[in-house]
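Engineer: This is the structure, below, for whatever I ask next.
The values are calculated or read from the model by the stated rules, or taken from the named source; none is laboratory data. None of the values given here were measured: they were computed from a predicted structure. Please note: Cβ atoms are built from the backbone with ideal geometry, for glycine as well, and neighbour counts cover all protein chains shown. We work out accessible area using only protein heavy atoms, side chains counted, and drop any ligands, DNA or RNA first. Shrake-Rupley method; radii C 1.70, N 1.55, O 1.52, S 1.80 Å.
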Amino acid sequence: MSQYILAAAAEIFQPAVLIYIVFGVLLGYVVGALPGMNRTTAIAVSLPFTFTMSPAAAISFLIGINKGGAAGSAVSAILLNIPGEASSAVTAYDGYPMARSGKAQKALKAALFGSVIGDVLATAVLIALARPLADFAIGLGPFELAAILIFSITFIAAVAGDSFFKALIAGFFGLLLSAPGLDIETGLPRMTFGLVELFDGVPVLSVAIGTLAMSQVLSQTDKGWRGKYTSPDAEVVSTDESDKQLSKQEFKQITPAIMRGSIVGTLIGILPGLGATLASFLAYTWVQKSSKTPERFGKGAPEGVAASEAADNATVPAALVPVFAIGVPGSLSTALLMGAFMMHDLTPGPFLFRENATVVYSIYIGMIVASAALLLVGFFGQSLFAAALRVRGTILWPVIVFLCVCGAYIQGGTMFGVYLMLIFGFIGYFMRKFDYSFVTFVVGYLLGPMAELTIRQTIILSARDPWRILDHPIALLFLALTVFAVWRFTIAGMRSMRLSAAG
């Protein structure tokens with residue numbers, strides 16, 4: 001193990017790689033601070049520019065964007081009461097009242113310390129758990145892996161959106177999208193419609209950039225046409241220096257809230273599909289109920305800001321645990337990171353440690369460096385991020401469109417990828433409009449080839465005898481959980497539809 005760590009350190013502690021990581025954190029922080037933007041959009045647009053990087057540098061750069069975006073989304077929530085992401089909505093509960101009372105800098109510092117500590121603790125959990133879970137997963141056969149993948153897609157569909165049925169439809173559409181290409185058994189073209197460009201499958205970048213970044217531009221353009229933009233209130237500036245700093249007593253006061261938020265965020269992040277929004281709400285509720293003065297919450301309590309941000313940022317490394325252990329993404333951003341793994345010829349899952357141990361340890365070290373960069377960038381760049389909030393959409397969105405076109409063109413070197421990106425941009429726009437889950441769509445698309453392979457292997461090994469499943473209790477357990485999840489959430493969905501019709 002020591003030789004892997006030394007080789008990993010030698011790769012990460014190169015000036016160019018360190019600059020990539022710091023720039024990734026800075027980019028994520030700025031993008032996260034911009035209303036209407038989010039970290040998944042930044043990762044999707046940045047994916048093509050990692051082609052020339054080494055695998056470890058590329059993954060660390062993208063994880064840096066993910067970490068920076070999670071922390072940066074608190075800036076607009078605190079200063080403007082406009083969360084950069086849904087997970088930062090809880091931060092606005094206490095952060096915005098603090099800003100309106102002249103304590104914006106204090107709120108930003110509480111959010112920053114909560115973000116960094118939650119991130120570091122969850123990164124430590126990732127390093128401690130990923131390898132043992134991967135060693136366990138290596139012992140699983142096609143029966144067990146197929147059952148786990150079926151359960152994962154179903155479970156993610158159940159918790160990813162308001163409608164279980166819409167999430168399932170999005171997941172199946174993603175699975176269907178992974179089918180074009182050369183058949184894994186016969187090597188013959190399948191669902192390519194005579195297009196040579198589809199022999200290697202539907203390009204990852206066209207799907208990711210179109211559905212996540214271009215659709216965001218179309219959605220914001222639609223809001224502009226409909227006149228739905230609102231002018232935020234100006235920030236209240238205090239002349240009292242104590243309102244700009246976080247004292248030792250206040251840091252001691254928010255520390256228990258940060259620890260609670262870190263625990264909740266780590267546990268929620270490990271479970272695929274639950275997401276940072278749920279973690280933030282649960283952490284905030286726990287801290288509020290355990291407080292001796294719960295009436296302060298919602299009126300400017302620093303503990304509320306720190307708890308929600310600790311939970312939000314802890315989900316970022318924690319969501320990588322299932323990626324490293326079994327090859328299942330825990331969130332939309334980690335699903336994009338899985339795409340980056342595949343672009344660099346790395347297969348996420350238990351064999352990653354056996355086949356690319358140096359890369360794994362390089363990523364670990366890169367994540368620790370990104371955590372340190374998160375603290376420095378956040379501490380010294382708050383005025384920059386506040387200024388970024390004043391960038392007009394008429395300047396920002398054309399730049400994003402240009403980057404989307406360049407990114408889609410890079411992968412194949414032809415306009416075919418650009419045309420596909422535009423098509424998926426409109427598909428993503430309508431998915432946003434009608435509330436179809438992006439998470440299950442992207443997860444279905446990325447897990448499709450692995451699910452198909454394991455199911456085919458299961459059919460061959462069972463000699464088409466369904467009763468062979470009885471010899472595999474772990475597979476039987478996950479299939480039973482899948483059936484229960486479908487039944488439970490189908491009943492819940494039908495009950496919700498009846499209540500909506502009655503109302």
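Engineer: Multiplying the sequence separation of Asp200 and Cys406 by 0.36 nm and subtracting their Cα-Cα distance, what value in nm do you get?
Structural biologist: Separation in residues times 0.36 nm, less the Cα-Cα distance, equals 72.1 nm.
Engineer: If you place +1 on the Cβ of every Lys and Arg and -1 on the Cβ of every Asp and Glu, how big does the dipole about the Cα centre of region 1-116 come out, in debye to the nearest 20?
Structural biologist: With only Lys, Arg, Asp and Glu charged at Cβ, the dipole is about 360 debye.
Engineer: Given 0.36 nm per residue, what is the gain on full extension from Met494 to Ala179 after removing their alpha carbon distance, in nm?
Structural biologist: 110.3 nm
Engineer: Probe radius 1.4 Å, ligands and nucleic acids ignored: give me the carbon and sulfur share of the accessible area of the chain as a rounded percent.
Structural biologist: The nonpolar share, carbon plus sulfur, comes to 69 percent.
Engineer: Among (i) 0.92; (ii) 1.27; (iii) 0.97, find the value of Cα Rg over 2.2 N^0.38 Å that was calculated from the structure presented, and write down its label.
Structural biologist: (iii)
Engineer: If packing is taken as the mean number of other Cβ atoms within 10 Å per residue, what is the order of 477-486, 17-26, 69-78, 279-288, highest first?
Structural biologist: Top of the packing list down: 69-78, 279-288, 17-26, 477-486.
Engineer: For the charge dipole of region 29-186, defined by +1 on Lys and Arg C-beta atoms and -1 on Asp and Glu C-beta atoms about the Cα centroid, which residue among Ser178, Ser163, Ala110 has the Cα displaced farthest towards the positive pole?
Structural biologist: So the residue furthest toward the plus end is Ala110.
Engineer: Something else now. Just to confirm the number: angle between the C-alpha axis of helix 393-412 and the first principal axis of the chain, 0 to 90 degrees, nearest 10?
Structural biologist: The helix 393-412 is inclined about 30 degrees to the chain.
Engineer: Using the crude model of +1 on Lys and Arg Cβ and -1 on Asp and Glu Cβ, and no other charge, please compute the dipole size for the chain relative to its Cα centre, in debye to 20.
Structural biologist: Computed about the Cα centre, the dipole is about 1180 debye.
Engineer: Helix 473-502 versus the longest principal axis of the chain: what is the Cα-based angle in degrees, 0 to 90, to the nearest 10?
Structural biologist: Taking Cα atoms only, the helix is inclined about 60 degrees.
Engineer: Mind checking the angle between helix 302-318 and the chain's longest principal axis? C-alpha axes, 0 to 90 degrees, to the nearest 10.
Structural biologist: That helix lies at roughly 20 degrees to the long axis.
Engineer: Taking the Cα-to-Cβ direction at Ala9 and at Asp345 and moving 7 Å from each Cα, how far apart do the two end points lie in nm?
Structural biologist: Rounded to a tenth, the inter-label distance reads 2.9 nm.
Engineer: Sticking with this structure for a sec: Using the heavy atoms of the protein chains and a 1.4 angstrom probe, tell me the accessible area per residue for region 7-97 in square angstrom.
Structural biologist: 26
Engineer: With the dipole of the chain worked out from charges on the C-beta (+1 for Lys and Arg, -1 for Asp and Glu) around the Cα centre, which of Phe324, Ala310, Ala283 lies farthest toward the positive end?
Structural biologist: Ala283
Engineer: Here's another thing I want to ask about it. Figure the gain on full extension for Ile169 and Asp471 (residue separation times 0.36 nm, minus the Cα-Cα span) and round it to one decimal in nm.
Structural biologist: Net length gain for the segment: 105.5 nm.
Engineer: Return the distance in nm (one decimal) between the two label points of a simple spin-label model at Phe193 and Phe434, each offset 7 Å from Cα along Cα→Cβ.
Structural biologist: Result: 1.8 nm between the two label points.
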